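The values are calculated or read from the model by the stated rules, or taken from the named source; none is laboratory data. As the structure is a prediction and not an experimental result, all values here were calculated from the model. Methodologically, a virtual Cβ is constructed for each residue, glycine included, from the backbone with ideal geometry; neighbour enumeration extends over all protein chains shown.
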Amino acid sequence: MATASLLPAPRLWTPKRLLATKSALGWDHGRAIATRAADLGVEVVELPSDRLALAFPDDPRQAYAQAKQTLALTVAPPSKRKLQPIAPSADWRVDLAEGCPAHCSYCYLAGSLKGPPITRVYANLPEILDELPRHLGQGQVTSRSRTRAHEGTTYEASCYTDPLALEHLTGGLAALIGYMGAWGADAHLRFTTKFAAVEPLLALPHSGRTRMRASINPPEFARFEGGTSPVAQRLDALQRMALAGYPVGLTVAPIIAADGWQDVYGRLIADAATALNDVPGLDLTVELITHRFTPGSKAVLDSWYPGSSLEMDPGARATKRTKFGSLKHVYDADTMRELRAFFESRIAARLPSARTLYWT
Ligand code: SF4
């Protein structure tokens with residue numbers, strides 16, 4: 001059942017320019033992206049080769065601003081198409097793009113992507129899709145989980161980007177959803193988003209093989225999530241996807257233990273319950289991710305958002321080592337316990353049909 005939204009239409013990101021490499025324009029999907037961008041009034045620059053000529057000003061603020069307004073259309077090389085395990089979300093990570101146009105003060109991409117924060121979208125969609133069957137039945141993350149093995153092989157599309165933020169420019173997410181729906185394999189696609197423009201996804205033949213999760217935080221923390229859709233729109237979009245028969249989820253991320261967190265997160269969970277509890281046949285999961293940072297991500301985020309009031313004080317945090325040996329700063333054990341108990345009890349009370357997949 002498709003429904004109309006009563007909220008204003010979500011704002012769509014329009015980059016200042018699209019830099020298209022020569023090889024990217026050799027792909028149908030690449031040419032379609034260039035056409036969509038041109039139709040939206042974006043300046044499309046056709047590069048003479050596959051080299052991305054990125055010249056940004058020395059001033060870091062201007063360089064950041066220009067990079068964030070730049071969309072690059074490239075071909076994903078084999079190294080980027082090779083699927084990687086992505087615990088705890090999914091067996092495999094599949095990337096349609098890299099980078100995101102939003103401006104979140106805590107953005108997790110700051111610790112994983114190098115270089116200026118442009119957004120790249122990939123033109124060679126058929127080659128990306130070709131990787132999926134090769135990994136069917138090979139998963140070691142959710143496939144090995146006692147409680148999640150029924151999802152089959154899982155593929156996560158929002159590790160290095162927010163795919164819904166770019167969908168009006170690429171159509172890549174719709175193609176991936178359609179692929180999973182037609183495939184008929186014991187497999188699921190997953191994506192999470194801080195955006196809300198789901199209209200083009202509602203009528204797709206998804207066969208229940210894609211789970212959309214809305215990544216949410218209270219409206220009181222909107223100052224940390226510049227350029228994203230308002231959380232009310234994200235919940236509305238999730239409700240519409242659920243009514244269209246998609247399995248859905250809430251990614252509460254990152255959970256920020258700022259003063260008054262109990263009140264604002266309590267209201268957020270109540271709002272999610274209002275949006276979702278009456279959906280017939282609701283299939284709802286929850287993922288709970290507390291705010292953390294590394295010395296590297298903090299350095300990048302401090303340079304991107306020098307005025308941010310988001311607490312990122314290593315002295316106020318506990319320190320953990322990742323499995324790769326690097327440091328990360330997390331909330332101390334007492335705060336973590338308090339947060340976890342709060343979320344578990346509120347979710348049980350307000351979203352009784354939800355399955356919580358993990359807490360981290
Ligand atoms: Fe980063 Fe997600 Fe915010 Fe985009 S929406 S800037 S990927 S945290």
query: Within segment 194-210, is even one residue surrounded by fewer than 21 Cβ atoms within 10 Å (Cβ to Cβ), of a type outside the set (D, E, K, R) and within 16 Å of the ligand (Cβ to nearest atom)?
result: yes
task: State which residue is nearest to the ligand (Cβ to nearest atom) when the search covers only segment 215-239 and only residues that are outside any helix (DSSP H, G or I) and out of contact with any strand residue (DSSP E or B) (no Cβ under 8 Å at 6 or more places or on another chain).
output: 229
message: With the structure loaded, tell me whether residue 336 is in a loop (DSSP other than H, G, I, E, B), at pLDDT 95 or above and either of a type outside the set (D, E, K, R) or touching a Phe, Trp or Tyr at 6+ places or on another chain (Cβ under 6 Å) (or both) or whether it fails that test.
response: no
- request: Say whether the condition of being closer than 19 Å to residue 250 by Cβ, within 16 Å of the ligand (Cβ to nearest atom) and modelled with pLDDT of 95 or more is met by at least one residue in segment 182-190.
  value: yes
- prompt: Can we say residue 279 is over 21 Å from residue 109 (Cβ atoms), of a type in the set (A, V, I, L, M) and in a strand (DSSP E or B)?
  reply: no
- prompt: Would segment 251-260 turn up any residue that is in contact (Cβ under 8 Å) with a residue 40 or more places away in the chain, of a type in the set (Ser, Thr, Tyr) and assigned to a loop (DSSP other than H, G, I, E, B)?
  reply: no
- line: Of 52, 129, the only residue that is of a type in the set (A, V, I, L, M, F, W, C) and touching a helix residue (DSSP H, G or I) at 6+ places or on another chain (Cβ under 9 Å) is 129
task: Scan segment 287-305 for residues that are crowded, with 20+ Cβ neighbours inside 10 Å and part of a strand (DSSP E or B) and report the count.
output: 3
query: Which residue out of 129, 125 is more than 13 Å from the ligand (Cβ to nearest atom), over 18 Å from residue 164 (Cβ atoms) and at pLDDT 95 or above?
result: 129
message: Which numbered condition in (1) surrounded by fewer than 24 Cβ atoms within 10 Å (Cβ to Cβ); (2) within 16 Å of the ligand (Cβ to nearest atom); (3) free of Cβ contacts under 8 Å to residues at least 60 places away in the same chain; (4) not β-branched (Val, Ile, Thr) is the only one that residue 168 fails?
response: (3)
message: Among the residues of segment 279-290, are any of a type outside the set (A, V, I, L, M), at pLDDT 95 or above and out of contact with any strand residue (DSSP E or B) (no Cβ under 9 Å at 6 or more places or on another chain)?
response: yes
field: Restricting segment 139-164 to residues that are among the hydrophobic types (A, V, I, L, M, F, W, C) and within 16 Å of the ligand (Cβ to nearest atom), the residue that is surrounded by the fewest Cβ atoms within 10 Å (Cβ to Cβ)
entry: 159
message: Considering only segment 68-84, I want to know if a residue exists there that is of a type in the set (D, E, K, R), under 24 Å from residue 299 (Cα atoms), in contact (Cβ under 8 Å) with a residue 40 or more places away in the chain and crowded, with 18+ Cβ neighbours inside 10 Å.
response: yes
